[in-house]
Amino acid sequence: MLEGIGGEILGVIRFGDIVPYITPFTLSMFILALTLTVLLALAKPENQILMVFGKDKYSLIKPTIEEMKFRRFMVIVCGLALSGAMITGDLFNFTLFVTLVGITNIGIIAAVRRPYVLEAAFQYGLICTLASLPLFGAAAIVLGTAGTLSLHELETLSVLPMAKILLAFGVAGETGIAPFYAAKAEVFRAPGAPYILMVHLSAIMVVIRTAEILLLL
Amino acid sequence: MELSEAYQFGMIIAMGAAFITFLGFAREKRDLHRLVISDMVAGITLVIVAIVGTDLAECLILPTLVVSVAEVLAIAEILIHKEELKLREEGVIISTPNYSPLGIEVFQSSSIIVALILIIYGAILTGFTGGAVAGVGMVYYLLTRWDGKITKDFWDGISSVSGIAWTLWLVGFLLFFIVPEFWLFALFLSGGGLVVKVATKFGLIGIEGRDSMRGES
């Protein structure tokens, strides 16, 4: 029933043990990630306006140029890591790219020098580090039980259910979705709209790719 | 799917260690201690990857280590900035720490021939190991005898040499796949590139270490 979850395989690149394969699903996600990265890199950053409660006043937060430059760089790196995670055909490379997305997400918000944002970034970073255990653990268990990491070959092999559970937990922690969202929620109060979007987008796209991998395993 | 007893036993121990560490993380309230515990989690991740015990698993240890170190460094940096901002808001003046020179006697009296032997032996070994051995020789010389000052140009120049050597290594590695007939050339290219890259990196670290040991900035 779940055979060919990503659609029909368009092509396979035999490159040693890693076998990158292209399906309409991975290809469209890859192009989407790259397009979004280009759009966000070109977009102008916003100035955040905070309303003063109970008064007819507002305060304008203007981020500095250096801060914005660093955050844009981090967005580009995050986008590249994201497109890598979308198209890779190797489970371990996928986990590495997801971890890289997590680190760059911390980088995007860590440039904001505000105590509450830094506090949230620190908590999110701790969750990211903790989540690397189930994430890499899942890849290691798949390698130990199935003997390969290539997703193309794993389609026909069976893996332990525990590996799937660990992978789901790892990705959830690394991208800061549902059970770990509390660590990430404060982050979105940071100024600089187009760059914060990347944090959202990368989480969503990584989760979609993870769903494909979990169904395929 | 038949798993060896040793693998199962190792996994049980690693999972037990992970459970204890997570329990400790949940109970600990202070930020610095939680950072240290998250580093321990990264260590257990390495153990889980290493338990698989195949050649491929051996290759996967280095990326796992690099990623976890990057994560721990990033959140440690965030923790420092967070605490600094907190102190600034309270009006505490933060002074940079002063180091007094160590003045270790053996550094002046040690024989210089050791450095020479290490560098020559490293050049014979080539590759990553050779780079490390030659690098130790360079560190030895720089720490004990070299009295020159490093300018910004010197530093940038050495970094550039290191970077170019690294790309040579990459080119050599690609040649293995593209034109396998030139394997000897590719081997020497990558081996030579790596020895220069690691040795120069070690040298730069050595200069840093010497300066902080002598109490210079």
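Please treat every number below as a calculation from the coordinates, not as lab data. What you see is a predicted model, and the numbers here were worked out from it, not measured in a lab. Neighbour counts are summed over all protein chains in view; Cβ atoms, including those assigned to glycine, are modelled from backbone coordinates with ideal geometry.
For B:Tyr7 and B:Asp55 in the same chain, what is the full-extension length gain: residue separation times 0.36 nm, less their Cα-Cα distance, in nm?
The span from B:Tyr7 to B:Asp55 would gain 15.8 nm if fully extended.
Under 8 Å for C-alpha pairs, at least 6 residues apart: give me the relative contact order for the stretch A:103-183, rounded to a whole percent. Walk me through the intermediate numbers first.
Values: 81 pairs, mean separation 27.9, N = 81.
Taking the mean separation of contacting Cα pairs over the length of the stretch A:103-183, I get 34 percent.
Counting only Cα, what are the radius of gyration and maximum Cα-Cα distance Dmax of the stretch B:135-175, in Å?
Radius of gyration, then largest Cα-Cα span, for the stretch B:135-175: 13.8, 41 Å.
Identify all lysines with a Cα-Cα distance to B:Lys152 below 24 Å; exclude those on the same chain that are fewer than 8 residues away in sequence.
Here the lysines satisfying the reach criterion relative to B:Lys152 are A:Lys69, B:Lys197, B:Lys201.
Take every residue in peptide A:138-148, count the Cβ atoms of other chains within 10 Å of its Cβ, and give the average of those counts. The partial results should precede the final answer.
Working: counts 1, 6, 14, 7, 1, 6, 13, 5, 1, 4, 1.
Average neighbour count from other chains, rounded to a whole number: 5.
I need two numbers for the protein assembly as shown: Rg to one decimal and Dmax as a whole number, Cα atoms only, in Å.
Both quantities, over Cα of the protein assembly as shown: 24.5, 77 Å.
Regarding the stretch B:1-104, what is the average projected area of its C-alpha convex hull, in nm²?
Details: hull surface 44.4 nm².
Average of the hull's projected areas for the stretch B:1-104 equals 11.1 nm².
Report the label-to-label distance for B:Leu62 and B:Arg145 in nanometres (one decimal), using points 7 Å from each Cα along the Cα→Cβ vector.
3.1 nm
Please rank A:Tyr21, A:Tyr195, B:Tyr121, fewest neighbouring Cβ atoms within 10 Å first, as an exposure proxy.
Details: A:Tyr21 20, A:Tyr195 27, B:Tyr121 14.
Lowest count first: B:Tyr121, A:Tyr21, A:Tyr195.
Let me know the Rg and Dmax you get for the stretch A:1-150 when you use only its Cα atoms, in Å.
Cα radius of gyration and Dmax of the stretch A:1-150 are 19.9, 66 Å respectively.
Amide H neighbours of A:Gln48 under 5 Å, at least 5 residues apart or on other chains, H built in the peptide plane: list them.
A:Ile61, A:Gly192
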